[in-house]
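The values are calculated or read from the model by the stated rules, or taken from the named source; none is laboratory data. Just so it is clear, the model here is predicted, and its values are computed rather than measured. No Cβ is skipped: glycine too gets one built from the backbone with ideal geometry, and neighbour counts run over all protein chains shown.
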Amino acid sequence: MEQETAILIRGLVKWYGRIQALRGVNLEVRRGELFGFLGPNGAGKTTTIRCLLDLIRPQAGEVRVLGLNPQANPLAIRARVGYLPGELNLEANLRVEQALRYFDELRGRRTDWSFVRELAGRLELDLQMPIRNLSKGNKQKVGLVQALMARPELLLLDEPTAGLDPLMQQEVYRLLRQARADGTTIFFSSHILSEVEALADRVAIIRDGIIVEEAEPGRLVHMAVRRVRVRFKKPVDLAPLIRLDGVSLLYQNNGIEATLQVEGDMEALVKTLAAFPVSDIETEHRSLEEAFLAYYKEGR
Amino acid sequence: MLTEFKHTLRRLRGSALGWGIGLALYSLMIVSFYGSIGTMKLQILELVSGYPKTFIAFFGDLNALFTPGGYLDIYYFGYLTPIIGIFAVSACAGLLVGDEERGILDLVLAHPVSRTALFWGRFLGFTAALAGVLFLSYLAWAIPSQSVGFELSWGELLLPFLSLFAVLFLFGALALLLSLLLPSGRAAGMLAAGLLVANFLLIGLSRLYSEEIGPIVRFTPLYYYQGGQAAQGLNWGWLGGLIASGLILLLPAWRLFLHRDIRVGGEHGWHLPALRFLRRG
């Protein structure tokens, strides 16, 4: 059992002074899994990840990373883990390659530099650029390269695509899928529902320092709430739409325009709309955070 | 540890070179004046006799100005500690906490480097940078010394630098400890620098009020700093005592770092009860 578990967390409690950040987190990530860790800001995602690396110490609970206790074996764990912090800061006066070589030295110079160049090429990152001249997105690429370059057994990625443009996000997804195919376990936090859908095998949602849901992404999509704005070529009767399961009317303008709230998947709504004279349809991509805040505010 | 040692040296390279070259140029200027001091002895003594006695006492025995050790002390080592102390204190206050406040330490410690290796590697890096600064200055004294008639051997010239190194090592260790105790590296640097300057002033005042302040200054580090006088005989016990005191300060600092929650970035709050009370009000 232990050999199949990459991360095991039981009853993890962390206080920062008087503030309780984690209230008994329980979580299990299997080896080879691509696991999404979701939650609003301040929910405890980063705190949980930092406990896994012994950067901070919990007051209670049990943690095992690759079968090891982070407090007893921090170096053995870190040698096998790649980490991308949520707030990435790098030494501004170094060039990208110098920063990567420093991280490589900390790992005992075991990096395959042809792989580093391949990663940099795929992410369109110039290794000779001074870090102080890099944009937020390019700094994020440096963070991704340093996390991936040692081909670790486990990747802990806090918001891996933050600051990247959509094309580059797709490239990161490909890199992560490839790493997973090579046997790496990936534990990542995100706010973006489409990212979770695209990547994760399983997802856990943390809120106020406790895991509130652990599920397949498909189920989360079903639970998510989104808004759909529809404009019609002529005034219509909206009743057939409102009668649909999980659809409610938020706003309408004389039957020519309507804003609907849709809970779960869109299939039934789209099929019903096919019979309407639709001129335009707009789906508001709410962040997962918003979607789940709405979900939990409704007391479900 | 070696990686962190080299990394720290690389980071301190710029400021160490700046301080080293600056002090070396200043040293060259001072040493070049030495030849003319002997010929102007009477004029200088006459000039100095017009100064207030308290002012003269603050700087020690001005008659010693005409000996190599006294010249070194009064023109250079006597007031160098608070100046070069800025380098030592600011470098050490930011050695670990500076990176933590910039959010860099988080990622560094996510790599397979122990906190012990990080702590000692960085402090040794600082120590080597400090030695480099002082060595440049030493060379600036030693190389032209014979040509200006400075009657001290290269070995004798080295001794005041050892004394200075020891006292800066101690104040560097103090700044590092304070940085791990106080909420910010900046506050630690300011407090350590303040204590260094206060100690410097206290030593000066003890020459004026030896009965009142004399017994107190014995408990301060700069009392055991010989400055230029070390050229005539270094007190190895005092030197060892300063280094040992620095090491004693480093032990709790190391322990604090081992058990510290590494912050993601920014300075820590002071969490003063009085301020909390005011905010509530």
Notebook entry, point to check: Is it the case that some residue within the stretch A:57-76 is under 30 Å from A:Leu134 (Cα atoms) and either touching a helix residue (DSSP H, G or I) at 6+ places or on another chain (Cβ under 8 Å) or free of Cβ contacts under 8 Å to residues at least 40 places away in the same chain (or both)?
Noted result: no
Check: Counting only residues that are part of a helix (DSSP H, G or I) and within 23 Å of B:His7 (Cα to Cα), how many does the stretch A:120-133 have?
Finding: 3
Item checked: Residue pairs meeting the criteria (Cβ under 6 Å; at least 6 apart or on separate chains; first at positive phi, in the stretch B:13-33; second surrounded by 13 or more Cβ atoms within 10 Å (Cβ to Cβ) and of a type outside the set (Phe, Trp, Tyr)) -> none
Check: Residues A:Leu22, A:Leu8: which one is surrounded by 15 or more Cβ atoms within 10 Å (Cβ to Cβ), away from chain B (no Cβ under 14 Å) and in a strand (DSSP E or B)?
Finding: A:Leu8
Note to self: Looking at the stretch A:97-119 only, could you name the residues that are without any contact (Cβ under 8 Å) to a residue 24 or more places away in the chain, within 14 Å of chain B (Cβ to nearest Cβ) and either in a helix (DSSP H, G or I) or more than 16 Å from A:Ala79 (Cβ to Cβ) (or both)?
What the structure shows: A:Gln98, A:Arg101, A:Tyr102, A:Glu105, A:Leu106
Next item on the list: Go through the residues of the stretch A:186-198 one by one and say whether even a single one is among the hydrophobic types (A, V, I, L, M, F, W, C), within 14 Å of chain B (Cβ to nearest Cβ), assigned to a strand (DSSP E or B) and within 15 Å of A:Leu84 (Cα to Cα).
Entry: yes
Next item on the list: Can you give me the number of residues within the stretch A:55-86 that are more than 8 Å from chain B (Cβ to nearest Cβ), in contact with a Pro (Cβ under 8 Å, 6 or more places away or on another chain) and surrounded by 22 or more Cβ atoms within 10 Å (Cβ to Cβ)?
Entry: 4
Next item on the list: Of all residues in the stretch B:225-249, count the ones that are of a type outside the set (A, V, I, L, M, F, W, C), closer than 14 Å to B:Asn199 by Cβ and surrounded by 20 or more Cβ atoms within 10 Å (Cβ to Cβ).
Entry: 2
Next item on the list: Determine if the stretch A:134-155 includes at least one residue that is surrounded by fewer than 18 Cβ atoms within 10 Å (Cβ to Cβ), in a helix (DSSP H, G or I) and away from chain B (no Cβ under 12 Å).
Entry: yes
Check: So which residues in the stretch A:25-54 are outside any loop (DSSP other than H, G, I, E, B), away from chain B (no Cβ under 14 Å) and in contact with a Ser or Thr (Cβ under 7 Å, 6 or more places away or on another chain), if there are any at all?
Finding: A:Val25, A:Glu28, A:Val29, A:Arg30, A:Gly36, A:Phe37, A:Leu38
Margin query: For the stretch B:97-115, give me each residue that is surrounded by fewer than 24 Cβ atoms within 10 Å (Cβ to Cβ) and more than 9 Å from chain A (Cβ to nearest Cβ).
Written below: B:Gly98, B:Glu101
Checklist line | Residues (among the hydroxyl-bearing types (Ser, Thr, Tyr) and under 25 Å from B:Asp106 (Cβ atoms)) located in the stretch A:174-211 | finding: A:Thr184, A:Thr185, A:Ser189, A:Ser190
Next item on the list: Determine whether the stretch A:165-173 contains at least one residue that is away from chain B (no Cβ under 12 Å), out of contact with any Asp or Glu (no Cβ under 8 Å at 6 or more places or on another chain) and of a type in the set (Val, Ile, Thr).
Entry: yes
Check: So A:Leu176 clears everything in (1) out of contact with any strand residue (DSSP E or B) (no Cβ under 7 Å at 6 or more places or on another chain); (2) in a helix (DSSP H, G or I); (3) hydrophobic (A, V, I, L, M, F, W, C) except one condition, right? Which one?
Finding: (1)
Next item on the list: Would you please name the residue that is farthest from B:Pro221 (Cα to Cα), looking only at residues in the stretch B:139-172 that are without any contact (Cβ under 8 Å) to a residue 60 or more places away in the chain and of a type in the set (Phe, Trp, Tyr)?
Entry: B:Trp154
Check: Out of (1) at pLDDT 95 or above; (2) among the small types (Gly, Ala, Ser); (3) surrounded by fewer than 18 Cβ atoms within 10 Å (Cβ to Cβ), the odd one out for B:Gly172 is which?
Finding: (3)
Next item on the list: Find all pairs meeting these conditions: Cβ atoms under 8 angstrom apart; at least six residues apart or on different chains; first residue within the stretch B:241-257 and part of a helix (DSSP H, G or I); second residue surrounded by fewer than 18 Cβ atoms within 10 Å (Cβ to Cβ) and aliphatic (A, V, I, L, M).
Entry: B:Leu256/B:Leu181
Notebook entry, point to check: Counting only residues that are away from every other protein chain (no Cβ under 14 Å) and surrounded by fewer than 20 Cβ atoms within 10 Å (Cβ to Cβ), how many does the stretch B:116-143 have?
Noted result: 9
Check: Just to be sure, is A:Gln169 more than 23 Å from the chain's Cα centre (by Cα), surrounded by 16 or more Cβ atoms within 10 Å (Cβ to Cβ), of a type outside the set (A, V, I, L, M, F, W, C) and farther than 30 Å from A:Lys14 by Cα?
Finding: no
